[in-house]
Amino acid sequence: AVMGSSTSPEGRRADRIVLWSRRREIADAITLGYRNPEYLPDIDLPENISAVTDIHQAVTDAAVVVVAVPAQHVRETLTTVKDSIAEDAIVVSLVKGLERGTGERPSQVCASALGVPPERFAVVSGPNLALEIARGEPTATVVASESAETAEAIAAMTAGRTFRPYTNTDVVGVEIGGIVKNVIALAVGICDGQGLGDNSKASVITRGLAETTRLAIAVGGRPETMAGLAGLGDLVATCASPLSRNRSAGRLIGTGMGVDEAVASMKQTAEGIKSVSAVVDLARRHDVEMPISEAINAVVSGRLEVATLADLLLSRNLKSEGHRA
Ligand SMILES: NC(=O)C1=CN([C@@H]2O[C@H](COP(=O)(O)OP(=O)(O)OC[C@H]3O[C@@H](n4cnc5c(N)ncnc54)[C@H](O)[C@@H]3O)[C@@H](O)[C@H]2O)C=CC1
Ligand SMILES: O=C(CO)COP(=O)(O)O
């Protein structure tokens with residue numbers, strides 16, 4: 001969804017949240033019954049939430065606009081709505097994918113599609129499986145903005161008994177963590193699908209974090225961000241959780257299902273499948289070695305059999321664990 005949110009008189013919490021839904025029946029169920037029968041059938045939504053099918057109506061007068069559409073559709077979605085967003089609105093991205101063709105991160109797509117300056121942009125990312133949050137299970141997250149003030153405002157607005165945001169100014173690192181962990185979760189899912197055990201999965205997770213960190217540093221992120229919630233935290237949650245679409249898609253592929261069939265069997269987006277080619281393009285442009293992402297890209301594009309994945313990764317030249325190039 002793209003959602004607009006106006007703030008309360010004291011300016012801290014959202015007093016009204018308006019979701020954009022493309023389907024009328026879902027918008028009505030949310031507004032009239034506080035339920036999303038399609039995605040969160042068992043969750044009572046708060047009564048300050050409503051949904052509309054007109055995206056302009058959702059964002060007009062919103063103090064904060066939250067972008068949560070799949071990465072490949074952010075540009076077209078925001079371009080249509082650009083003129084309805086207030087000049088001083090803060091734009092928040094929850095998107096964990098890289099745009100194919102341009103290689104742009106969601107922050108860059110938001111900047112070019114909306115002309116939003118960095119001080120009015122924030123990204124929220126971390127170990128944040130949507131269903132667990134909706135169930136009120138405790139989690140922490142990262143709110144990153146180049147403006148510490150903007151990050152603090154969004155953190156204050158979203159903090160609650162079960163949701164603990166930490167602020168950060170490393171937008172690049174936070175975005176790269178969220179993007180690449182989906183690719184690594186596909187790899188872990190493939191291991192699972194092939195019946196491999198926890199040593200294999202822990203090795204993929206750890207070396208996955210190493211290649212994520214190399215890419216983050218190369219494009220201007222900070223290594224310590226990768227050890228935090230938006231790096232290691234999200235990677236662990238996604239690779240461990242049966243709720244993860246990326247891990248689930250990997251698992252299907254690992255059991256021999258074709259990639260297209262795996263995608264078709266899921267009603268939600270597995271961003272890793274959509275983004276992996278853009279991730280390896282970006283890495284190559286910056287001379288960053290990302291063997292796991294390269295292998296997953298080869299699987300997704302049909303150039304590599306999943307059964308040969310483990311051999312391929314383990315037969316590479318031996319190197320020191322600290323290797324960064
Ligand atoms: N679901 C989760 O647990 C989390 C998801 N995210 C990220 O949030 C983003 C959205 O993810 P989800 O909501 O889970 O995915 P989703 O696949 O459910 O898509 C979100 C919404 O976008 C709509 N959509 C699909 N194609 C569209 C198009 N062409 N134009 C406009 N809208 C379109 C869908 O109808 C859906 O309502 C992704 O980048 C994901 O990585 C981040 C944190 C947690
Ligand atoms: O980003 C997520 C958890 O932080 C959701 O992961 P999936 O997209 O794999 O479901």
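The values are calculated or read from the model by the stated rules, or taken from the named source; none is laboratory data. The structure presented is a predicted model; accordingly, all values stated were derived computationally and were not measured. Glycine also receives a Cβ, built like all others from the backbone with ideal geometry; neighbour counts cover every protein chain displayed.
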In segment 261-275, anything over 15 Å from Ile190 (Cα atoms) and either buried (at least 24 other Cβ atoms within 10 Å of the Cβ) or within 13 Å of ligand 2 (Cβ to nearest atom) (or both) is listed as Met266, Lys267, Gln268, Thr269, Glu271, Lys274, Ser275
Among (1) away from ligand 1 (no atom under 13 Å from the Cβ); (2) aliphatic (A, V, I, L, M); (3) in contact with a strand residue (DSSP E or B) (Cβ under 6 Å, 6 or more places away or on another chain); (4) in contact (Cβ under 8 Å) with a residue 40 or more places away in the chain, Ala156 falls short only on (3)
Reported set for segment 233-260 where residues are β-branched (Val, Ile, Thr) and either crowded, with 22+ Cβ neighbours inside 10 Å or more than 16 Å from ligand 1 (Cβ to nearest atom) (or both) is Thr238, Ile253, Thr255, Val259
Counting only residues in segment 94-123 that are part of a loop (DSSP other than H, G, I, E, B), out of contact with any Cys (no Cβ under 6 Å at 6 or more places or on another chain) and among the β-branched types (Val, Ile, Thr), the one surrounded by the fewest Cβ atoms within 10 Å (Cβ to Cβ) is identified as Thr102
ask   = Can you find even one residue in segment 75-87 that is within 15 Å of ligand 2 (Cβ to nearest atom), among the hydroxyl-bearing types (Ser, Thr, Tyr) and either touching a residue at least 12 places away in the same chain (Cβ under 8 Å) or not assigned by TED's automatic domain parsing to the domain that holds Asp44 (or both)?
value = no
Filter pass, Val143 being more than 22 Å from Ile184 (Cβ to Cβ), touching a Cys at 6+ places or on another chain (Cβ under 7 Å) and not aromatic (Phe, Trp, Tyr): no
Checklist entry - Out of all the residues in segment 231-239, is one or more in contact with a strand residue (DSSP E or B) (Cβ under 8 Å, 6 or more places away or on another chain) and modelled with pLDDT of 95 or more? => result yes
Picking from Ser21, Ser93, the residue that is modelled with pLDDT of 95 or more, farther than 19 Å from Thr158 by Cβ and not charged (D, E, K, R) would be Ser21
